[in-house]
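The values are calculated or read from the model by the stated rules, or taken from the named source; none is laboratory data. Everything quoted here is computed from the prediction, not taken from an experiment. Cβ coordinates were reconstructed from backbone atoms using ideal geometry, including for glycine residues, and neighbour counts include every protein chain displayed.
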Amino acid sequence: MRSSVTALLAAAGLTLAGCSGLGGDSGPGGRPASAEAVAQAHRACVDAWVGVMSADDYDVGESVDSRPGTCDRLPDQLRMFSEAELERATRNRRSVDACVADPSCESWPLTSP
């Protein structure tokens, strides 16, 4: 009885260990994910976050509910979110600087908060 329970728990543990996606360093078919694939997935997530943050109805307080599907199962979610925030702020700053330099600019070109 004890050995069958141990075998069952070991099998369950191995099954769960195999379901880790890119975060577990395995790609399709259980092969290790390439660094390029991980970088592409990371970039796609950051770009998707920038898109969400640039929407007119984006609410920072509800950002967890707004997480893009491309970010699911990727590690280091906070880092990707932070990179997207920085990119959006950089774009906003460039837009404001361009508006300040242009005498015909009549409104601040900012995206949502």
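Within segment 77-111, the set of residues being under 17 Å from Y58 (Cβ atoms), exposed (fewer than 15 other Cβ atoms within 10 Å of the Cβ) and among the β-branched types (V, I, T) comprises just one member, T90. A single entry from A33, A12, A55 fulfils the requirement of being part of a helix (DSSP H, G or I) and either surrounded by 10 or more Cβ atoms within 10 Å (Cβ to Cβ) or modelled with pLDDT of 70 or more (or both): A12.
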